[in-house]
Amino acid sequence: MDKSVFLDAMNITRWRCADKPLKPYLVLHDLDADLSDQTLISDVLGLLNVDIDQCEFDCEMIKGPQVVWDMRKVKTRPRVAWVVSAPVSDLLIHPDEKRQLWQQIILHINKSDVDVEGTCAQH
């Protein structure tokens with residue numbers, strides 16, 4: 001059995017150094033992911049109103065930061081990410097995967113606009 005799966009099942013969190021403060025957002029990726037295309041990643045995060053410097057990049061869920069993008073091949077529950085896509089390397093070669101990501105971004109932006117308008121209308 002994979003050790004990380006066992007720890008997740010037992011709801012045991014991973015050791016993190018206390019000296020390094022957590023960033024408010026999390027991007028999930030596969031262990032072997034090629035994240036060298038910073039342009040696409042920055043563009044997607046920018047559309048979500050998140051700066052790349054505010055993000056932790058990890059292969060596993062971390063308690064604390066909000067998951068903004070899950071780009072792992074195999075998604076796990078609970079699905080809490082704002083947007084979910086194929087890995088970046090697949091997005092670059094499969095237009096359908098990229099289209100699905102853009103549709104999710106548009107839905108997220110529209111939802112955020114409605115939330116803001118609703119909040120303003122209540123005051």
### Query
Compactness ratio of region 23-112: Cα Rg over 2.2 N^0.38 Å, N = residue count?
0.98
### Query
Once fully extended, how much extra length lies between C59 and L107, figured as 0.36 nm per residue of separation less the alpha-carbon to alpha-carbon distance?
14.8 nm
### Query
Using a probe of 1.4 angstrom, how much of the accessible area of region 23-112 is carbon and sulfur, in percent?
53 percent
### Task
Counting only heavy atoms of the protein chains, get the accessible area per residue of region 23-112 (1.4 Å probe) and round it to a whole Å² value.
57 Å²
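Using a cut-off of 13 Å between beta-carbons, work out the net charge of the residues near D32 (Lys and Arg +1, Asp and Glu -1, D32 not included).
Numbers: positive: R72, K73; negative: D30, D34, D90.
So the surrounding residues net to -1.
The values are calculated or read from the model by the stated rules, or taken from the named source; none is laboratory data. Model, not experiment: these values are computed from the prediction. Reconstructed Cβ throughout: ideal geometry from the backbone, glycine too, with neighbour counts over all protein chains shown. Heavy atoms of the whole protein, side chains included, go into the accessibility calculation; ligands, DNA and RNA do not. Shrake-Rupley method; radii C 1.70, N 1.55, O 1.52, S 1.80 Å.
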